[in-house]
Amino acid sequence: MSEVIDDKVVAGAKIPAAVKEDPIVVLTERVKSLYLFRDHYFVNHSIDNAIKKSSDVEKEMRNTLNKFDEYKGYEIDGARAKYYYLKGRTFNVVDRYVPQAEEFLCKAVKLEPNLVDAWNELGECYWKNDDIQQAKNCFVGALPHGKNKVSLRNLSMVLRQEPASNHEQKINNVQQGLEYAKEAVALDTSDGTSWAILGNAHLSSFFTITQNPKTLRQCMSAYSQAEKDIVAKSNPDLFYNKAIALKYEEEYKLALESFEQAMLLDPTWETPRNKQQQFLKYLKDLQDLTNTKGRLKAKKLHQMLQGLDTKHLGPYKGGSYTLGDKSVKLDLLPLSDLSPGINVEKVTYGKVVCWIQDPDCVPFTFCLMDADKTCVAVTVYNWAKGRGVTVGDTVVIPEPFLTHQHFSFKDNNFDFKSIRVETPVVLVVNGKKLGRDQQASAKLLIFKKTD
């Protein structure tokens, strides 16, 4: 099944009278059917059969390879490259790296260097083998022979995974990757896979370059477009990466559900299951520590509250702060009086009673209690590694963004309030405004299965 056909035999072979159709036409349709079977699996099968998808695809792959054996040595002159490409593509239908796929695809591009599809397939083969540089070379090499969405979107993925010698190069890679993804979508706006990769490119940009809320909205919009396509919607990677974005948006229930969908689509994939379990533990800890005020004893809490003083408001003590040439008024409010959403021209403060470890290290999370003993969770993004607050610190938050997290997921019920802070530089800790040295970009946690 893995043997390479002798070029000399192939070149001189003649199609016998019994073979009424062009073998390349027959094999092209057979390989097309194989990929249709894989990509539309859940059109014809219940999601309950997801556990069988890999083995079913393997079975179809073997059946397709048997078809190649029927035409062994019968290719017409000049069709050898296409024959090797089709056979290599057949081996490449599975998620894992298959050496025979590389073997046949290499022969195809050597025989016909302008065969774009073969270059793309070979690049994906190297990609599965974690050979990023070779994969990149294939996708770059394919483009001069014809601009196409597959090369462009694959380059977008490769550039984001390519090792960078410094942060500036990493930013350049992400920016270039975003442009490639946009070009791929522009070539075919109905292709959900290209939309999914564009969503990942926006998410990379959000974490690596600038954490602009508009960028995150563009990311979620691209994922929504991807879900309109049955092929992309059948890919667990889409829902895993979407869950990461939703977690960052603090759409906790939707994030948990998206991890769940990734698990349903590929029950053998442990990453979304592990991530969901970690996330559930984080949320349980967050709720428990908020409700129990950090599990501190009454005497300790009393001592903390005695230390609360408006002098700790620092630059916000005067009831206003300067933004450019504009003076912004701030009214002091207790935590219990905050409204859902952004509390414009308001400021609140309290004592840190505990902090909660997030496995992803983003965001930095702690519980804040004020003089009325109201306790809320606070999530701060972009805090530099090794920086944060400790138990007993007084933290002041201007124009706090409050969310009431109230939802159920499976057997878990959540009901707590949290304040989201985009950057630590707006905070005042123990009477002092934090400086720019406290801020750092978050680390991106997109899973590389196809991206």
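So here's what we get for this one:
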quantity	calculated
Footprinting exposure proxy for SER336, SER234, SER46, SER151 (fewest neighbouring C-beta atoms within 10 Å first)	SER46, SER336, SER234, SER151
The chain: angle of helix 252-265 to the longest principal axis, Cα-based, in degrees nearest 10	20
Selection from THR348, ILE419, LEU313 lying farthest towards where the dipole of the chain points positive, charges on Cβ	LEU313
Pairwise label distance in nanometres, ASP372 with THR189, each label 7 Å out on the Cα-Cβ vector	5.0
With Cα atoms, 0 to 90° folded angle of helix 23-39 axis to the chain main axis	20
Reduced Cα scattering model of region 292-438, Debye log10 I(q)/I(0), q = 0.09, 0.20 Å⁻¹	-0.27, -1.34
Dipole of the chain [Lys/Arg +1, Asp/Glu -1 at C-beta], most positive-end residue of TYR282, MET369, PRO236	MET369
Cα centre as origin, Lys/Arg/Asp/Glu Cβ charges: the chain dipole, Debye	1320
Aspartates and glutamates whose Cα lies under 14 Å from that of LYS170, excluding same-chain neighbours fewer than 8 positions away	GLU162
Cβ-based net charge around SER336, under 9 Å, with every Lys or Arg adding one and every Asp or Glu removing one	-3
Between region 380-427 and region 123-143, the Cα center-to-center distance that results, in Å	41
Phi-based couplings in Hz for region 136-146 (Karplus 6.51, -1.76, 1.60; Gly and Pro marked x)	4, 4, 5, 5, 5, x, 6, 4, x, 8, x
Calculated [θ] (222 nm, deg cm²/dmol) that DSSP helices of n ≥ 4 give over the chain, each run adding -39,500 (n - 2.57)	-15500 deg cm²/dmol
Exceeding the 23 Å Cα-Cα cut-off - candidates LYS52/LYS72; LYS52/LYS410; LYS128/LYS233; LYS214/LYS432; LYS293/LYS317	LYS52/LYS72; LYS52/LYS410; LYS214/LYS432; LYS293/LYS317
Convex hull of the chain built on C-alpha atoms - directionally averaged projected area, nm²	25.0
Cβ-based exposure ranking for GLU260, GLU124, in which fewest neighbours within 10 Å come first	GLU260, GLU124
Amide H contacts under 5 Å for TYR97, placed H, 5+ residues apart	none
Most positive-pole-ward Cα, ALA196, ASN154, SER165, against dipole of the chain from beta carbon charges	SER165
Amide H partners (placed H, <5 Å) of LEU332, local residues excluded	VAL347
For ASP360, residues with placed amide H under 5 Å, excluding near neighbours	none
Principal-axis tilt of helix 213-226 within the chain, Cα atoms, nearest 10 degrees	40
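Throughout, read-outs are computed from the coordinates displayed, never taken from laboratory work. Everything numeric in this text was worked out from a predicted model, so none of it was measured. Please note: Cβ atoms are built from the backbone with ideal geometry, for glycine as well, and neighbour counts cover all protein chains shown.
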